[in-house]
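Reviewing the structure listed below.
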Amino acid sequence: MRVMWSISDPLGNRIQLTRRCWEHHILVEHPIMRQFSNQVRTTVQRPDLISRSKVSATALLYFKQCSRRPFGRFYLMVVAGIRKTRRRGFVKTAFLVYNLTKGGTMLWERSSGIRTTLKVTS
C-alpha cells in the first residue's frame with residue numbers, strides 16, 4: 001500500500017491517502033477530481049469546516065470552499081475514516097458538493113478554530 005501523503009488535520013489526527021484509493025476509487029468514481037488533486041491534501045490540512053458524518057460515527061468530513069469555472073462556487077469534500085484509539089485515519093473518498101448538507105455534527109470551523117457541537121445545515 002503506497003502512501004501518497006500523510007498529514008495532520010486541525011484536530012490532531014494523522015490522515016493519509018493511498019495511491020490505491022486515489023487511482024482505484026476516487027478517480028474511477030469521481031474522474032473530475034483529477035483537476036483537484038492538490039486541493040484534496042489542502043482540504044484535510046487546512047479545511048474551512050470539519051464535521052462528523054451522519055452515516056458513520058468513525059468518519060470525518062472535511063470541507064473547503066472553492067470556485068472554479070465552469071463550476072462556480074462549491075466545496076471540495078474529503079471523507080476520512082478515523083481510528084479513534086490511535087488518532088490516525090485514511091481518506092475514503094473525495095468529491096465536489098454545492099452545500100454543507102452532507103455534514104453532520106460540526107466539530108471544527110476555520111473562522112473560530114474552536115471545536116463546537118453545532119448542527120450543520122444548508
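The values are calculated or read from the model by the stated rules, or taken from the named source; none is laboratory data. Because the structure is a prediction, the values reported are computed rather than measured. With ideal geometry, Cβ positions are generated from the backbone for all residues, glycine too; neighbour counts draw on all protein chains shown. The protein model used for the area step is the full one, side chains on, heavy atoms only, and it has no ligands, DNA or RNA in it. Shrake-Rupley method; radii C 1.70, N 1.55, O 1.52, S 1.80 Å.
Observations on the model:
- Qualifying trypsin sites (Lys or Arg not before Pro) in region 16-88, where qualification requires a DSSP coil assignment and no more than 10 other C-beta atoms within 10 Å, comprise K84, R86.
- Probe 1.4 Å, protein heavy atoms only - accessible area per residue of the chain in square angstrom: 58
- Mean separation of Cα contacts under 8 Å, 6 or more apart, over the residue count of region 1-53: relative contact order %: 35
- Solvent-accessible area assigned to carbon and sulfur over the chain amounts to 48 percent, based on a 1.4 Å probe.
- With contacts taken as Cα pairs under 8 Å and at least 6 residues apart, the chain reaches a relative contact order of 24 percent.
- Candidates T105, T93, T85: whichever shows maximal mean-square fluctuation once the chain is modelled as a Gaussian network with Cα springs under 10 Å: T85
- Here r is the Cβ-Cβ distance between T101 and R2 and R0 is 30 Å; the resulting FRET efficiency, rounded to 0.05, is 0.30.
- Reach of K92 by Cα under 17 Å, taken over aspartates and glutamates that are not fewer than 8 positions away in the same chain: D9, E23, E29
- Using only alpha-carbon positions in region 1-46, the gyration tensor eigenvalues give semi-axes of 19, 13, 7 Å once each is multiplied by 5 and square-rooted (largest first).
- Computed from label points 7 Å out along Cα-Cβ, the spacing between T85 and S111 is 3.9 nm.
- The Stokes-Einstein estimate for the chain, based on a Kirkwood radius over Cα pairs and taken at 25 °C with 0.890 mPa s viscosity, is a diffusion coefficient of 171 µm²/s.
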